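Heads up, the thing below is written out as structure tokens.
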Amino acid sequence: MNSNVYGIDLGTCNMKIYCKTSNKILNEKNTIALVKKDQIYAYGDAAYAMYEKAPETIHVTFPVISGVIADFNNLQTMLQMYLEDHMKGKIRGAEFIVAVPTDITDVEKRAFFEMFYKSRLKPKSVLLCEKPIADAVGLGLNVNEPTGIMVVDIGADTTEISVISLGGLVLSDLLHFGGNRIDESIITYVKRTYNLVIGQKTAQALKEKLGSGIPGNTDTMVIVGRDVVSGLPIEMEITGEVVYEAIKDNLNSICNSIKMILEKTPPELAKDIIHSGIYITGGSSQIHNLNQLFKDITGIEINTCEEPEECVVRGLVKIVSDQKYKHLAFSMKNKILK
């Protein structure tokens with residue numbers, strides 16, 4: 001009897017869990033609502049629904065910040081509750097493989113490891129894998145080949161740009177901004193231009209519906225915000241052009257970072273990248289025409305994929321179950337038992 005395998009990608013905004021037995025990906029907001037400082041009142045999407053709407057007695061928090069675990073205990077409790085409530089497969093004695101960002105310290109990596117290893121789930125094994133590598137495997141690319149692959153993963157708090165070859169990272173850069181920074185730019189721009197204060201969720205809705213990498217989006221959306229002058233809530237119609245103006249600088253800085261990594265890439269690998277294109281994944285890579293903008297600036301084809309935010313977890317399970325990728329994951333077990 002083979003034990004079950006779970007691939008886990010703990011993002012800043014969403015946590016993605018892939019269960020091999022049921023072949024399903026669960027994608028929930030990585031959010032916890034606490035009462036009395038430390039009791040979990042709700043978690044996941046239900047807790048996110050309370051964000052910006054909760055009374056003072058309920059405190060809504062995000063346990064992962066910039067891709068790193070910020071609230072270990074509550075996150076561990078939430079994961080245990082979540083797996084026990086939602087997973088049909090066997091949890092005890094299962095194998096866990098967890099994605100970790102590249103540019104983090106060993107201490108931060110160990111937190112990801114101990115989150116599962118020292119939990120009541122009693123796992124058979126806990127492996128870690130670097131996110132960009134899992135991303136590339138999830139895209140269906142063979143990372144063991146001596147060919148250069150460039151993956152740009154645009155998450156909520158971080159954007160990770162990596163060049164991979166022969167199963168390892170040749171270059172990688174972790175930028176500390178992503179989708180959340182783009183939302184904040186929309187909030188700032190709308191306030192500056194229209195004297196209108198909007199919430200984070202409204203900004204996110206504007207980005208998802210009207211956001212575009214190139215100008216010319218003529219769609220509009222009606223939002224409600226608070227008028228700075230009168231202090232009263234008012235409705236306003238926002239155009240795609242406004243959202244473009246608000247986010248273009250952010251998108252350009254991601255683009256400039258891609259160019260900087262390309263400039264550092266060894267010529268033979270750069271040749272492969274030009275040939276196969278740059279892959280963009282992560283939730284924020286779904287902004288309309290982002291691929292067009294990147295292509296215009298770098299001159300290289302941009303490959304997008306279906307369900308880009310789930311690429312990493314798909315790759316994780318493939319890495320554990322496929323013999324030729326198994327060496328890409330590593331354990332921290334021996335580093336602990338000193």
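A few comments on the model shown:
- Pairs where the first residue, in the stretch 248-272, is touching a residue at least 60 places away in the same chain (Cβ under 8 Å) and the second is of a type in the set (Asp, Glu), C-beta under 7 Å, 6+ apart: Ser257/Asp173; Ile261/Asp173
- Ser284 being in contact with a helix residue (DSSP H, G or I) (Cβ under 8 Å, 6 or more places away or on another chain) and small (Gly, Ala, Ser): yes
- Test: residue in the stretch 172-191 that is surrounded by fewer than 24 Cβ atoms within 10 Å (Cβ to Cβ), within 29 Å of Glu95 (Cβ to Cβ) and touching a residue at least 12 places away in the same chain (Cβ under 8 Å): yes
- Checklist (1) open to solvent by 30 Å² or more (accessible area, probe 1.4 Å); (2) more than 19 Å from the chain's Cα centre (by Cα); (3) touching a residue at least 24 places away in the same chain (Cβ under 8 Å) applied to Tyr43, failing item: (2)
- Counted residues, the stretch 295-331 - those being open to solvent by 80 Å² or more (accessible area, probe 1.4 Å), more than 23 Å from the chain's Cα centre (by Cα) and either in contact (Cβ under 8 Å) with a residue 12 or more places away in the chain or more than 26 Å from Leu127 (Cα to Cα) (or both): 3
- Residue list for the stretch 3-18, restricted to those being within 15 Å of Glu95 (Cβ to Cβ) and either of a type in the set (D, E, K, R) or under 14 Å from the mean Cα position of the chain (by Cα) (or both): Ile8, Ile17
- From the list Val5, Val35, the lone residue that is more than 24 Å from Cys311 (Cβ to Cβ) and either in contact with a Phe, Trp or Tyr (Cβ under 6 Å, 6 or more places away or on another chain) or buried (at least 19 other Cβ atoms within 10 Å of the Cβ) (or both) is Val35.
- Residue in the stretch 287-302 that is in contact with a Phe, Trp or Tyr (Cβ under 6 Å, 6 or more places away or on another chain) and closer than 26 Å to Asp9 by Cβ present: yes
- Residue within the stretch 59-79 that is under 15 Å from Leu316 (Cβ atoms) and not in a helix (DSSP H, G or I) present: no
- Check on Asp153, part of a strand (DSSP E or B), open to solvent by 10 Å² or more (accessible area, probe 1.4 Å) and modelled with pLDDT of 95 or more: yes
- Number of the exception - Val313 against (1) within 20 Å of Thr147 (Cα to Cα); (2) in a helix (DSSP H, G or I); (3) β-branched (Val, Ile, Thr): (1)
- Condition check for Asp249: in contact with a helix residue (DSSP H, G or I) (Cβ under 8 Å, 6 or more places away or on another chain) and of a type in the set (D, E, K, R): yes
- Matching residues, the stretch 83-137, being part of a strand (DSSP E or B) and among the hydroxyl-bearing types (Ser, Thr, Tyr): Ser125
- Members of the stretch 246-294 found to be open to solvent by 20 Å² or more (accessible area, probe 1.4 Å) and hydroxyl-bearing (Ser, Thr, Tyr), listed by number: Ser253, Ser276, Tyr279
- Residue within the stretch 196-218 that is at pLDDT below 95 and crowded, with 17+ Cβ neighbours inside 10 Å present: yes
Yes/no per residue for (1) open to solvent by 60 Å² or more (accessible area, probe 1.4 Å); (2) closer than 30 Å to Thr159 by Cβ; (3) modelled with pLDDT under 90:
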residue: Thr12; (1), (2), (3): no, yes, no
residue: Glu28; (1), (2), (3): no, yes, no
residue: Pro55; (1), (2), (3): yes, no, no
residue: Pro63; (1), (2), (3): no, yes, no
residue: Met78; (1), (2), (3): no, yes, no
residue: Gly89; (1), (2), (3): no, no, yes
residue: Glu95; (1), (2), (3): no, yes, no
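The values are calculated or read from the model by the stated rules, or taken from the named source; none is laboratory data. Remember, predicted model here, so these are calculated numbers, not experimental data. Don't worry about glycine lacking a Cβ; one is built from the backbone with ideal geometry, like all the others, and counts go over all protein chains shown. Protein only, heavy atoms only, side chains kept; ligands, DNA and RNA dropped before computing areas. Shrake-Rupley method; radii C 1.70, N 1.55, O 1.52, S 1.80 Å.
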